[in-house]
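Student: Below is a structure I'd like to ask you about.
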């Protein structure tokens, strides 16, 4: 599939095409998609939780990487995979659902930097803050 910017109209098709089947099991719902910004919703499920009832960090990291990858796809920049991801887990993820907000902060000649925040869906508490770096190829000619 040729690189084509991800938009609110094609996000579901792109999500289904790009990501592995286990990522699709996260059932991420895309609420808002615009250039350099994506807001998504993620539901808490029993299979994502520790014994304590909180969603485990590995799942949150996968959600961050997935939604930020979609955010990167809203630009004219071709992503070559995630270079790094730095996560700060602020509070236990125990709500029924979460909002994930990703924004592209900077695009340079060789890397792009994004920021992700995960909020508790019930009381809007910050659950996780993440920064991600992606190596890029410009598609502009």
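The values are calculated or read from the model by the stated rules, or taken from the named source; none is laboratory data. Everything numeric in this text was worked out from a predicted model, so none of it was measured. Reconstructed Cβ throughout: ideal geometry from the backbone, glycine too, with neighbour counts over all protein chains shown.
Student: Within the stretch 27-45, restricting attention to residues that are assigned to a loop (DSSP other than H, G, I, E, B) and touching a strand residue (DSSP E or B) at 6+ places or on another chain (Cβ under 7 Å), which residue is nearest to residue 77 (Cα to Cα)?
Tutor: First pass over the stretch 27-45, keeping only residues assigned to a loop (DSSP other than H, G, I, E, B): 27-28, 35-36, 44-45.
Cutting the leftovers down to touching a strand residue (DSSP E or B) at 6+ places or on another chain (Cβ under 7 Å) gives us 27-28, 36, 44.
Details: 27: 25, 28: 23, 36: 11, 44: 32 Å.
So, considering only residues that are assigned to a loop (DSSP other than H, G, I, E, B) and touching a strand residue (DSSP E or B) at 6+ places or on another chain (Cβ under 7 Å), the one nearest to residue 77 (Cα to Cα) is 36.
Student: Here's another thing I want to ask about it. State which residue is modelled with the highest pLDDT when the search covers only the stretch 110-129 and only residues that are part of a loop (DSSP other than H, G, I, E, B) and closer than 23 Å to residue 48 by Cβ.
Tutor: Residue satisfying both the conditions and the ranking: 125.
Student: Hey, can you tell me all the residues within the stretch 46-56 that are in a loop (DSSP other than H, G, I, E, B) and either closer than 15 Å to residue 118 by Cβ or under 16 Å from the mean Cα position of the chain (by Cα) (or both)?
Tutor: Taking the stretch 46-56 as the starting set, the residues that turn out to be in a loop (DSSP other than H, G, I, E, B) are 50-54, 56.
Selection gives 54, 56.
Student: Please count how many residues of the stretch 57-73 are assigned to a loop (DSSP other than H, G, I, E, B) and modelled with pLDDT of 95 or more. Step through it out loud before you land on a result.
Tutor: Filtering the stretch 57-73 down to residues assigned to a loop (DSSP other than H, G, I, E, B) leaves 73.
If we keep only those that are modelled with pLDDT of 95 or more as well, we get none.
Adding up the residues that qualify gives 0.
Student: Would you call residue 132 on the phi < 0 side of the Ramachandran plot and in contact with a strand residue (DSSP E or B) (Cβ under 8 Å, 6 or more places away or on another chain)? First the steps, then the outcome.
Tutor: Values: on the phi < 0 side of the Ramachandran plot: yes; in contact with a strand residue (DSSP E or B) (Cβ under 8 Å, 6 or more places away or on another chain): yes.
Against the criterion (on the phi < 0 side of the Ramachandran plot and in contact with a strand residue (DSSP E or B) (Cβ under 8 Å, 6 or more places away or on another chain)), residue 132 qualifies.
Student: Oh, and also: For the stretch 110-124, which positions are surrounded by fewer than 16 Cβ atoms within 10 Å (Cβ to Cβ) and either farther than 18 Å from residue 69 by Cα or touching a helix residue (DSSP H, G or I) at 6+ places or on another chain (Cβ under 7 Å) (or both)?
Tutor: The answer is 122, 123, 124.
Student: Next up: Taking the stretch 130-141, which residues are modelled with pLDDT under 90 and assigned to a strand (DSSP E or B)? Spell out how you get there, then give the answer.
Tutor: If we filter the stretch 130-141 for residues that are modelled with pLDDT under 90, which is where we start, we get 136-141.
Result: 136, 137, 138.
Student: Considering only the stretch 62-87, state which residues are farther than 18 Å from residue 17 by Cβ, in contact (Cβ under 8 Å) with a residue 60 or more places away in the chain and under 9 Å from the mean Cα position of the chain (by Cα).
Tutor: Scanning the stretch 62-87 gives a single hit, 64.
Student: Contact list please: Cβ distance under 7 Å, first residue in the stretch 36-52 and in contact (Cβ under 8 Å) with a residue 60 or more places away in the chain and on the phi < 0 side of the Ramachandran plot, second residue surrounded by 13 or more Cβ atoms within 10 Å (Cβ to Cβ) and part of a helix (DSSP H, G or I), pairs at least six apart or on different chains.
Tutor: From the stretch 36-52, the pairs are 37/71; 38/67; 38/70; 38/71; 40/67; 42/63.
Student: Moving on. Take the residues in the stretch 75-109 that are closer than 24 Å to residue 10 by Cα, part of a loop (DSSP other than H, G, I, E, B) and out of contact with any helix residue (DSSP H, G or I) (no Cβ under 8 Å at 6 or more places or on another chain), then tell me which one is modelled with the lowest pLDDT.
Tutor: Here the residue is 80.
Student: Name the single residue, out of those in the stretch 1-18 being assigned to a loop (DSSP other than H, G, I, E, B) and modelled with pLDDT of 90 or more, that is surrounded by the fewest Cβ atoms within 10 Å (Cβ to Cβ). Give the steps one after another, and end with the answer.
Tutor: So in the stretch 1-18, the residues assigned to a loop (DSSP other than H, G, I, E, B) come out as 1-10.
Subsequent filtering for residues that are modelled with pLDDT of 90 or more retains 5-10.
Numbers: 5: 13, 6: 23, 7: 13, 8: 13, 9: 8, 10: 14.
Filtering first and then ranking leaves 9.
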